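**Q** Encoded as structure tokens, here's the structure I'll be asking about.
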Amino acid sequence: MPLNYCLTARRVHRFFGTVVMVLAFLASGCGLSNPSSASATTGTSGTTGSGSTGSTSTGTTGTPGTTGSGSTGTSSVGPVITLSPAFAMIRAGATVIFHASAAGQPLLLGTWSVDGSPVTGAINQDGTYIAPSTVQGTASTVVRFTKNNNLATASISLLNPVPSILSTLPSKLTWAKTILIIRGSGFIADSSVTLNGLHVASTFVDSTHLSASITPPSSTTSSVSLQVINPAPGTASSDPLLIPVSGPPDFSVSPTEISGGDFSVTLTRPSGISSDMVIKVDGVTIRTSSTSPKSITASGYLAPWLTGSLNVVLSASSGDSNPIALPITPTAVSYDAAARLAAQTVFGPREDVIVHIQQVGMKAFINEQLATTPDTYPLTEQPRTHFLRLVGSGNAALRQRTAWAIQTFIPEQAFSWAMSALPWERLLEAHAFGSYRQILNDAATNPIVVSSLNLVPNNASSDPTVHPNENFARELMQLFSLGTVLLNEDGTPQLDSSGNPTPTYGQDTVVNLSRVFTGWEWPGSWEIVQDPVFTNGGVDYSAKDLMDNEFFHDRGAKVLFGKVLLPAGQTATQDRQQALDAIFMHPNLPPFISRILIQRLVKSQPSPAYVKRIVQIFKDNGSGVRGDLSAVIAAILLDKEARAGDVMNAADDGFVQDPLYAQISAMQLLGIKSYDDQPTYLAGLLNENWWGSPSPFGYFSPSYVIPGTRLNSPEFQLIDNVTLVQRSQLLWGIVTAAQLGFPLTPESTIYSHFTTVPTMVDALNHMLYHGQMPESLKVSILTYCASISDPKLQLESAVFLALNSDDYTVIK
Amino acid sequence: MTLSRRNVLKFGAQFGVAASTSMLWFNPISARALEQASVGTDYKAIVVITMTGGNDGNNTIVPLDAAEYARYASLRTSLALPASSLIPLASVGGEASFGLHPALVNVAALYNSRRAVIVANIGPIARPTTKAEVLADYTKFPGASLSHSIGIQQWESAQTQTTGWGGRVADYLAPRSGSVAPVLSSANSLFNVGKSVQATAVQNGSAFTALSPALNSVIAQIAQSETSSNNLLTQQVAAVRARAMRDQQALDAAASYRVVRTSFGTSKFSQSMKKIAALVAGRSVLGADRQIFYVQQGGYDTHVNQLAGQSGSLADLDSGVGSFFSALDEIGMSDNVLVCTHSDFCRTLQANITGGTDHAWGNHHFILGGGSRGGRIIGEMPPMELNGTLDVNGIGIWLPTQSVTQMTAGIGGWLGLSPAQLADVFPDLRNFPSAIQLS
């Protein structure tokens, strides 16, 4: 058969490029393969070879001559065939009969077929075309009639079916929210449902069933009108079905709408409240707090991710009243999107923050955070303990989050004396939303940071046998500002013609910069007034600056990056100022810092376009200011790539939780707000002794690539098959309070309101996974918990498994 | 073939059924019984110690020849070690004499008993290189960046970029490493990463404590399922976890298989070497006859107060290495295990103003044990002069005269890689006359 032959030929064509010429010819010689080529093949001599012999001796197949649809058959052999109708519009599932004729005489005994691959609809050999039950993809097709190598075609447009409603379940409505099952016919995936002419949310089940979420309007008297509408092509509505609505409830409810969280409702019933009456919300009895002769007040908890409305009834021993629908107040953003932003801004599911974001929206929340004043740290508590407290209950958690982001690449190597860690953290929190130029200045003046890089006691050398110490100069550029290779504005490396990266600076710049940073001494060493709390070994670690000693400053000229000249004779302060300015203005700074900040807050592998958008803000905040971190942080968080995951995570989304993040997010979920200093040591057990970095290189490298892949994932540097096992042990210790310093929190939101495994898993899905917990994980948790009898252990196991899953280890 | 226990393991590893056979050695009694069947006599392992921060080779190996020592002392000024404090190395024939840093007691003893070699002035260069070439365009020489991260990357990859030389050697050894990966590492490093091989992490104690077997089982099951997550990072973390649940049990069983009596120091490095000795002793439990161990030992970034800092770090190194060879002697594996050192870079010969030294290039390293022909220095020690033919910037930054590739390829050869395999693992090898010869 020509059809089979052609299909075979095309398949070969696809696999063997070397025979394209021949096979392409064969394919184009086969009219079936391409309807638009029909006229081109019409003129060829389609005379040889019947379909049954399959002769291909001439190299052309036995192509039937064709005609246009119902039109004149110009040069074909034999009589001109006409189809009637030549064009038909048919509803899905309907039939139409085609007739073939030539010279006014009916033609019988030809072959009917339907065009397309796959074939749309079907045709019987008596010419009866049966349209498919639904319209999918292209809404048109062609039928063919072939007789004696002559062909005629007719075209068909397919229309959506006309919907029809038979009945509903339930058949009567109340004032309550109801899931209505609609039975009928002609339903399609795009069918919509209206109630009294207004659209309501509906779900397609199959062609004879829809379900819809219905709340009758309060003005309803005795019935509502239901319709199903199918869209184009062939837009059509069902006849309306009138559904009776039972009488209004004999009580009123106050307030008239409620929000997520703890709520209280009062039902007032003119005919009186009897002593056995309680209030049920969506079928669950809530706790009565007071009753009076005509009213009853009760309180409950509404999971903040719920939307729509709740059914409220007065329930007595004799039965339930007619229900009333109590709408849930819509929020500015959904709980899931708010929870995701909280994961990016405040280290995880801090409940009060999520609810607040829901109410005020993302942009307002970020602006509020950017406008906060820095928290003060009391001197009566270890700074790291207080940091955890602020993150768990303070009002400026985005400051702490941003400060920690900077701590990872401008780390402090605080020593065992705990207070030594505070001055650098305070500086970062104070300047987190200021200029990056200020951060550079801080890094060059804070005693703790510079002490690990020997800025003090680096001095000018008049002795030819020694040279200035290069440590601070080199790492200031490599780690704190520019990186080792030149970058494009989208954060990718600039490559030379051989594909090699170009160094950002040479040893000459390192040497010159090492001479810039000479002549600085510890604050406190000469000063009379010191802050004794922060003074250790004569060094005041809280000082705003080092002390310059011009005698030890190298006053020669210096050249940086081969072009920035620092003239001879300048003071240590002048040299430092100009060198930091040169670094601040270096074109590598915006992409190097922007990409790191994106990685810390949103995702390890931002697209080059995302980086480039942030780099533009870093270069100019819109008011001509370079390095404005508040504009950069806001842009990073509100970028379309950052927010796309609110709807659906992408494959390259997310970052691996570093140990401190993992610990805090577990504490946020569990609502742990009261503890001693012990929790500050936990991340150190997983190689992240925060604020006490083992080296100037921090805890992980921004450019770390997962072994054996091309995936950039900085925090993965702390992941191996020992630390992952240990992380599980520690998480289990946090959840079960076996880990020193972590209390149980039965009063927390999660334990006080979600007391069964299924509701707990639902809560974890929203609080940790912003509604995107994989079904397989839900099943694993439910199955495991079902094997445990102790209800407390069941819930703890569910919490642990949700925290421990690597779908959550990667915050998306 | 006789289905010896080891062959069973190899079969398992090759055909992906290790998880089922591995159940055998979660039970130490089964493992002991099976060990009778076959023990590899062809066992070879290497231990690569990276001295993080950039060890100052100039004060690690010091010339004792009077004239050369005098030049050393005048150029090093306050950092010069007194000649009397150095441990003399036995010189062969008429060779110049050298001494080791006074902290390297055990290393010197190994050298003087001809069980250790010194590789002189070695560093990352892709081909024999002249000072003029470097001065013409330093950007063509990554080793000349003098950056910690690039120096480490150059050493541990043997001058490639995305895989480590340990991992690439291990790609060829994987069929002989038994139930765990051929690279057992106590630190995250590029060294460990092969084209297919990724390391199994080793820690000093056991990774397992509190979780019930049922909970461990569901963790493993969830991790296995998440290796096919649609998120790329989740896939990777889950893959590590899924393997961890199996490997860490196997390592615990191997490390506790045989008691090693030699005592080790309490430092993290010494304890890591102790763990490696225990794993060598328990190698039959894993079914391994080729293994690569990686460990880091730190404190060498001596920009200030170098004399005290380097001395403490070298003493820690020496103690761990000394105990390790005692332990190898105890279990009869001294000639089967070879130890070598790496570091970010050497340090400037000239001191800086803060009593320390800064980043430099060509350095000196040790290869110990493994039955290699010891008591010799491979290559030439650089002359003690600034601005000479080997000093690229006037403060004593040595241009390497031997490549990392030559040293590491020599070790690859010791492990049994064929010339073709060596050429594949060490792409720069063809640019040099030969790898160093250890026998």
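The values are calculated or read from the model by the stated rules, or taken from the named source; none is laboratory data. Quick caveat, the model's predicted, so the values are computed rather than measured. Glycine gets a Cβ as well: all are built from the backbone with ideal geometry, and neighbour counts include every protein chain shown. Quick note on the areas: whole protein, heavy atoms, side chains included, nothing else; ligands and nucleic acids left out. Shrake-Rupley method; radii C 1.70, N 1.55, O 1.52, S 1.80 Å.
**Q** Considering only residues that are open to solvent by less than 40 Å² (accessible area, probe 1.4 Å) and in a loop (DSSP other than H, G, I, E, B), which ones fall in region A:710-733?
**A** The answer is A:L711, A:S713, A:I719, A:N721, A:V722.
**Q** When you go through A:A650, A:A609, A:A642, A:A634 one by one, which is the residue that is among the aliphatic types (A, V, I, L, M), within 14 Å of chain B (Cβ to nearest Cβ) and under 24 Å from the mean Cα position of the chain (by Cα)? First the steps, then the outcome.
**A** Working: A:A609 fails: within 14 Å of chain B (Cβ to nearest Cβ); A:A642 fails: within 14 Å of chain B (Cβ to nearest Cβ); A:A634 fails: within 14 Å of chain B (Cβ to nearest Cβ).
Unique residue meeting the criteria: A:A650.
**Q** May I pose another question? Can you tell which of A:S630, A:S665, A:S594 is open to solvent by 10 Å² or more (accessible area, probe 1.4 Å) and hydroxyl-bearing (S, T, Y)?
**A** A:S630
**Q** Oh, and also: Please indicate, with yes or no, whether at least one residue in region A:347-364 is open to solvent by less than 20 Å² (accessible area, probe 1.4 Å) and over 23 Å from A:I636 (Cβ atoms).
**A** no
**Q** Still on this model: Report, by residue number, each residue of region A:421-464 that is open to solvent by less than 30 Å² (accessible area, probe 1.4 Å), of a type in the set (D, E, K, R) and more than 30 Å from A:D375 (Cα to Cα).
**A** If the condition is that a residue be open to solvent by less than 30 Å² (accessible area, probe 1.4 Å), of a type in the set (D, E, K, R) and more than 30 Å from A:D375 (Cα to Cα), then no residue fits.
**Q** Return the total of residues in region B:282-311 being open to solvent by 10 Å² or more (accessible area, probe 1.4 Å), without any contact (Cβ under 8 Å) to a residue 60 or more places away in the chain and among the small types (G, A, S).
**A** The number of residues fulfilling the criteria is 2.
**Q** Scan region B:67-98 for residues that are away from chain A (no Cβ under 14 Å) and either open to solvent by less than 50 Å² (accessible area, probe 1.4 Å) or polar (S, T, N, Q) (or both) and jot them down.
**A** B:E68, B:Y69, B:L81, B:A83, B:S84, B:S85, B:L86, B:I87, B:L89, B:S91, B:S97, B:F98
**Q** All but one of (1) modelled with pLDDT of 95 or more; (2) out of contact with any helix residue (DSSP H, G or I) (no Cβ under 7 Å at 6 or more places or on another chain) hold for B:D247; state the number of the condition that does not hold.
**A** Here B:D247 clears every test but (1).
**Q** Could you count how many residues in region A:757-799 are surrounded by 23 or more Cβ atoms within 10 Å (Cβ to Cβ) and of a type in the set (F, W, Y)?
**A** 1
**Q** Also, quick follow-up: Here's a check for you: in region B:323-361, which residue that is open to solvent by less than 10 Å² (accessible area, probe 1.4 Å) and of a type in the set (G, A, S) is nearest to the other protein chains (Cβ to nearest Cβ)?
**A** B:A351
**Q** Of (1) in contact (Cβ under 8 Å) with a residue 12 or more places away in the chain; (2) more than 14 Å from every other protein chain (Cβ to nearest Cβ); (3) open to solvent by 10 Å² or more (accessible area, probe 1.4 Å), A:T408 satisfies all except one. Which?
**A** Against the list (1) in contact (Cβ under 8 Å) with a residue 12 or more places away in the chain; (2) more than 14 Å from every other protein chain (Cβ to nearest Cβ); (3) open to solvent by 10 Å² or more (accessible area, probe 1.4 Å), A:T408 comes up short only on (3).
**Q** Now for a separate question. In region B:202-261, which residues are more than 10 Å from chain A (Cβ to nearest Cβ), open to solvent by less than 40 Å² (accessible area, probe 1.4 Å) and closer than 17 Å to A:S728 by Cα?
**A** Correct list: B:A220 only.
**Q** Would you confirm whether any residue within region A:457-468 is small (G, A, S), at the interface with chain B (Cβ under 9 Å from one of its Cβ atoms) and under 25 Å from B:T302 (Cβ atoms)?
**A** The answer is yes, given that some residue of region A:457-468 is small (G, A, S), at the interface with chain B (Cβ under 9 Å from one of its Cβ atoms) and under 25 Å from B:T302 (Cβ atoms).
**Q** Do the conditions hold for A:S252, that is, is it farther than 26 Å from A:D762 by Cβ, in contact with a Gly (Cβ under 8 Å, 6 or more places away or on another chain) and either surrounded by 14 or more Cβ atoms within 10 Å (Cβ to Cβ) or of a type in the set (S, T, Y) (or both)?
**A** Spelling it out, it is not the case that A:S252 is farther than 26 Å from A:D762 by Cβ, in contact with a Gly (Cβ under 8 Å, 6 or more places away or on another chain) and either surrounded by 14 or more Cβ atoms within 10 Å (Cβ to Cβ) or of a type in the set (S, T, Y) (or both).
**Q** Kindly provide the set of residues from region B:149-164 that are at the interface with chain A (Cβ under 10 Å from one of its Cβ atoms) and open to solvent by less than 10 Å² (accessible area, probe 1.4 Å), ordered by number.
**A** B:G164
**Q** Continuing with the same structure: What are the pairs, 6+ residues apart or on separate chains, where a residue within region B:419-439 that is under 15 Å from B:V117 (Cβ atoms) has its Cβ under 7 Å from a residue that is among the polar types (S, T, N, Q) and not in a helix (DSSP H, G or I)?
**A** Pairs that qualify, where the first residue is under 15 Å from B:V117 (Cβ atoms) and the partner is among the polar types (S, T, N, Q) and not in a helix (DSSP H, G or I), are B:L438/B:S372; B:S439/B:S372.
**Q** Looking only at region A:465-524, how many residues end up being assigned to a loop (DSSP other than H, G, I, E, B) and open to solvent by less than 10 Å² (accessible area, probe 1.4 Å)? Spell out how you get there, then give the answer.
**A** Filtering region A:465-524 for residues assigned to a loop (DSSP other than H, G, I, E, B) gives A:465, A:468-470, A:479-484, A:486, A:488-492, A:494, A:496-500, A:502, A:504-506, A:517-519, A:522-524.
With the extra rule that they be open to solvent by less than 10 Å² (accessible area, probe 1.4 Å), the set shrinks to A:469-470, A:480-483, A:506, A:517-519, A:523-524.
Residues in region A:465-524 being assigned to a loop (DSSP other than H, G, I, E, B) and open to solvent by less than 10 Å² (accessible area, probe 1.4 Å): 12 in total.
**Q** Still on this model: Could you please find all residues in region A:383-400 being more than 17 Å from A:K673 (Cβ to Cβ) and either assigned to a loop (DSSP other than H, G, I, E, B) or open to solvent by 10 Å² or more (accessible area, probe 1.4 Å) (or both)?
**A** Initially, region A:383-400 is screened for residues more than 17 Å from A:K673 (Cβ to Cβ), giving A:383, A:398-399.
Scanning region A:383-400 gives a single hit, A:R399.
**Q** Could I ask something else about it? Cβ-Cβ under 8 Å, sequence separation 6+ or interchain: first residue in region A:245-273 and within 13 Å of A:I328 (Cβ to Cβ) and of a type outside the set (V, I, T), partner part of a strand (DSSP E or B) and open to solvent by 50 Å² or more (accessible area, probe 1.4 Å). Which pairs?
**A** Sorted first by the residue in region A:245-273, then by its partner, the pairs are A:E257/A:P327; A:G261/A:Y301; A:F263/A:Y301.
**Q** Only one residue in A:P696, A:P702 is at pLDDT 95 or above, open to solvent by less than 50 Å² (accessible area, probe 1.4 Å) and within 14 Å of another protein chain (Cβ to nearest Cβ), so which one is that?
**A** On the way: A:P696 fails: at pLDDT 95 or above.
Matching residue, one of A:P696, A:P702: A:P702.
**Q** Note down all Cβ pairs under 6 Å where the first residue falls in region B:361-384 and is under 22 Å from B:S145 (Cα atoms) and in a loop (DSSP other than H, G, I, E, B), the second is of a type in the set (A, V, I, L, M, F, W, C) and open to solvent by 20 Å² or more (accessible area, probe 1.4 Å), and they're at least six residues apart or on different chains.
**A** From region B:361-384, the pairs are B:P382/B:L390.
**Q** Related question: Give me a count of the residues in region B:273-303 that are over 24 Å from B:L417 (Cα atoms) and within 14 Å of chain A (Cβ to nearest Cβ).
**A** 9
**Q** Another question, then. Mind counting the residues in region A:734-756 that are buried (at least 19 other Cβ atoms within 10 Å of the Cβ) and either within 14 Å of chain B (Cβ to nearest Cβ) or under 27 Å from A:I596 (Cβ atoms) (or both)?
**A** The total comes to 4.
**Q** Let me ask you something else. What are the residues in region B:165-201 that are more than 9 Å from every other protein chain (Cβ to nearest Cβ), of a type in the set (A, V, I, L, M, F, W, C), more than 19 Å from B:K274 (Cα to Cα) and not in a loop (DSSP other than H, G, I, E, B), if any?
**A** Selection gives B:W165, B:V169, B:A170, B:L173, B:A174, B:F191.
**Q** Which pairs have Cβ atoms under 7 Å, sit 6 or more apart or on different chains, and link a residue in region A:495-523 that is within 10 Å of chain B (Cβ to nearest Cβ) to one that is part of a helix (DSSP H, G or I) and open to solvent by 50 Å² or more (accessible area, probe 1.4 Å)?
**A** Within 7 Å, the pairs are A:T502/B:T139; A:P503/B:T139; A:G506/B:Y138; A:Q507/B:Y138; A:T518/A:F552.
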